[in-house]
Structures are given as structure tokens and as C-alpha cells.
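Enquirer: Once you've had a glance at the structure underneath, I'll fire off some questions.
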Amino acid sequence: MSTAPLAAFTEPDRPKNLLIRFITVGGSYVDVTGPGEHSKENRWDCRGCGDSSDRPEEDYLFRIRPDANNHAAACRAIPLG
Ligand SMILES: [Zn+2]
């Protein structure tokens with residue numbers, strides 16, 4: 001079975017503070033945004049299902065990165081708008 005996204009969608013504009021963008025299995029995107037590697041004010045937001053980082057809501061990039069990637073690997077919500 002293919003692990004490619006189920007549908008291809010146009011990539012949204014990239015925000016200025018975008019650090020990493022993961023494509024999800026649903027064909028949406030999880031954006032990691034913030035000041036950068038050495039700041040604890042980074043966060044991730046899923047453009048598919050609306051989920052986002054929590055506990056704490058903002059954190060260092062090395063903590064946010066695997067969480068965002070794991071969400072992208074599991075989320076099957078497609079972009080609606
Ligand atoms: Zn999601």
C-alpha cells in the first residue's frame with residue numbers, strides 16, 4: 001500500500017517565521033513556526049485538523065520537531081480551505 005498522500009493540494013504561502021513544514025498523510029501541512037532553534041517560543045499547527053502544540057504550548061525546536069513530524073505521519077485530515 002502506498003504511503004504517498006491521498007491527494008495533492010497546492011502548498012499554502014510560507015509564513016515569514018516558518019521553520020519546518022511537514023506534509024501529512026492526508027495531504028495537508030503541519031507548520032512549525034517561531035524564532036528558531038534556540039528559542040523556546042516555537043510552536044506547530046496542523047493546517048488539516050487544526051491541532052497544535054501543547055504542554056507547554058510553545059517550546060524549543062528540538063522538542064517541537066518530533067511532535068510535529070509524528071502528527072504529520074498520523075493526521076489524515078485534508079485541507080478544506
Ligand atoms: Zn492534523
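The values are calculated or read from the model by the stated rules, or taken from the named source; none is laboratory data. As the structure is a prediction and not an experimental result, all values here were calculated from the model. Methodologically, a virtual Cβ is constructed for each residue, glycine included, from the backbone with ideal geometry; neighbour enumeration extends over all protein chains shown. Note: areas computed on protein heavy atoms with side chains; ligands, DNA, RNA excluded. Shrake-Rupley method; radii C 1.70, N 1.55, O 1.52, S 1.80 Å.
Enquirer: Place a +1 charge on the Cβ of each Lys and Arg in the chain and a -1 charge on the Cβ of each Asp and Glu, then give the dipole magnitude about the Cα centre in debye, rounded to the nearest 20.
Expert: It comes to approximately 180 debye.
Enquirer: Kindly report the accessible area of the range 18-74 per residue (heavy atoms of protein chains, probe 1.4 Å, no ligands, DNA or RNA), in Å².
Expert: The answer is 53 Å² per residue.
Enquirer: What distance in nm separates the simple spin-label points at ARG63 and ILE78, each placed 7 Å from Cα in the Cβ direction?
Expert: Here the modelled spin labels are 3.6 nm apart.
Enquirer: Could you go through the range 41-50 in sequence order and give the Karplus-derived ³J(HN,Hα) for each residue, using 6.51 cos²θ - 1.76 cosθ + 1.60 with θ = phi - 60°, rounded to whole Hz, and x for Gly and Pro?
Expert: Using θ = phi - 60°, the values come out as 10, 8, 8, 10, 9, 8, 7, x, 9, x Hz.
Enquirer: Arranged from highest to lowest average of other beta-carbon atoms within 10 Å per residue, in what order do the peptides 65-71, 34-40 appear?
Expert: 65-71, 34-40
Enquirer: Could you tell me how many degrees, from 0 to 90 and to the nearest 10, lie between the Cα long axis of helix 61-74 and the main elongation axis, the longest principal axis, of the Cα atoms of the chain?
Expert: Here the helix axis deviates by roughly 20 degrees.
Enquirer: Could you calculate the FRET efficiency of ASP13 with ASP45 from 1/(1 + (r/R0)^6), where r is the beta carbon distance between them and R0 is 22 Å, rounded to 0.05?
Expert: About 0.95, to the nearest 0.05.
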